[in-house]
1. Quick one: order TYR282, TYR432, TYR427 by neighbouring beta-carbon count within 10 Å, fewest to most.
2. Taking H as built 1.01 Å from N, whose amide H comes closer than 5 Å to the amide H of PHE143, not counting residues under 5 places away?
3. Using a Förster distance of 60 angstrom, determine the FRET efficiency expected from the C-beta separation of THR313 and THR52, and round it to 0.05.
4. Please report the orientation-averaged projected area of region 307-450, defined via the convex hull of its C-alpha atoms, in nm².
5. To the nearest 20 Debye, how big is the dipole of region 310-438 about its Cα centre, given +1 on the beta carbon of each Lys and Arg and -1 on that of each Asp and Glu?
6. What Rg and what Dmax come out for region 112-151 when only alpha-carbon atoms are used, in angstroms?
7. Per Stokes-Einstein, at 25 °C and 0.890 mPa s, what whole-number D in µm² s⁻¹ belongs to region 204-270, with the Kirkwood radius over Cα pairs as the hydrodynamic radius?
8. Pull out the extension gain between SER361 and GLN445, defined as 0.36 nm times the separation in residues minus the alpha carbon to alpha carbon distance; nm, one decimal.
Amino acid sequence: MIMYALMETTTCFLNGLLSIILVYSAMAFLAIQATNITTDQSSLLALKAHITHDPHNLLANNWTTTSTSVCNWVGITCDSQNNRVVALNLTSMNLTGTIPPQIGNLSFLVQLSLRNNSFHGSLPIELVQLRRLEVLHLGNNSFQGDIPSWLSSLSKLQILYLFGNNFTGTIPPSLGNITTLRNLELWNNNLQGTIPPTIFNLSSLDTIELSMNSLSGSLPDDMCRYLPALQRLILHHNQLEGSIPSSLWQCKELLRISLDNNNFTGTIPRNIGKLSLLQELYLDTNDLEGELPAELGSLHALQILTTGNNHITGSIPPEIGNLRNLVRLSFYNNDLVGLIPPAIFNISSLETISLPMNRLSGSLPDDMCQHLPVLQRLILHHNQLEGSIPSSLWQCKELLRISLDYNQFTGTIPRNIGKLSLLQELYLDENYLEGEIPEELGSLQALERLRIGESPLITGSNSTSNL
């Protein structure tokens, strides 16, 4: 009996002790949690104090210690398990200010987005403490200084958007250490120097967008060996030189290549034709030479093809007519000769045909508009085209611009051009046209520019007084 009573007393004591431990543990957890959320609150209030312009008083009226929980503040998201701030999103709030070092204390932060504001200054090194950060979106602000090399310490970072700022200096090679990085967008800054080769070793990348800077140097010829997921290579408006990498075909997921407005030389690699998913190819305004590869006709997903303002020679490959999804075709200002392949006029998706400033010859098919229902721009000026202006032009009912000037067209101006109710620009000068100016042109109520002069056999008409 005594032993039983002793055991019962011991059990009660242990149960009581366990209860006390649980209570104190809960109290300690709540105290830690309260401390942590207080730390988050203090960090956010520090940011608020660094905002010098809040035109809609979004933070002034909402981010207050006397109001609701920090987790209910505008732009704030907390996780339900730890009750900690995991997302800070102040996108497009017209805010002006700087980022205080205290933001580095938001230790659970996964997403930081301040895009489309007027934040300025440099990025505080304390942001390196955001070890859980996956998205850093600071695009379209006025940040300045160098892009910090310590960003490479954010080992979970997947999205790095610093575009549309005033960053200077070079791209840190250490960014190539962020093995989780998927999107790298540093476009529209004042960056110089070469693109670090380490960037092209990030096998997780699907977007490299570094356009509108002053980057120089060449691209590694084997750059696509380690970029199996790359979908967008956007490098236009820089000072890049050298050849277009022959390994581009190994980036088999590519949807867009923008290498325009650089100093690339050499020829267009034929194996680009292996990029079966490619939708947009911009190569204009470089120093490319050689002929257009027939293999371009294998890019069946292609919607935009521009190689204008280069030194490309030869004829337009008939295989271009196989691009049944093409929306924009632009080969302007090259040295192309020969006929325009008739198959091009059968691509019903075309909105723009821009082939001016070449030496193209031959005539246009009289029925060319039967299969071009959405054509908006027919730009063929400064060539050696001849024959009559196609009588079917009126069937391209979406036409906004017709530029056939500086050619060798003969015959009369088709009267049914007057049916093009959307037409804004009509250039027919410097040809060998004859006859009267059709009075039907007076029906072109949307017309803003009309140039027919310098065709010596054209006689006047009063019809244009209605325009």
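1. TYR432, TYR427, TYR282
2. ASN166
3. Calculated value: 0.55.
4. The orientation-averaged projected area of the Cα hull of region 307-450 comes to 7.4 nm².
5. So the magnitude is around 400 debye.
6. Rg, Dmax (Cα atoms, Å): 10.2, 26.
7. D, rounded to a whole number, is 205 µm²/s.
8. Using 0.36 nm per residue and subtracting the Cα-Cα distance, I get 27.0 nm.
Every number in this text was worked out from the coordinates using simple rules, so none of it is lab data. Model, not experiment: these values are computed from the prediction. Here the Cβ is made from the backbone with ideal geometry for all residues, glycine too, and neighbour counts use every protein chain on show.
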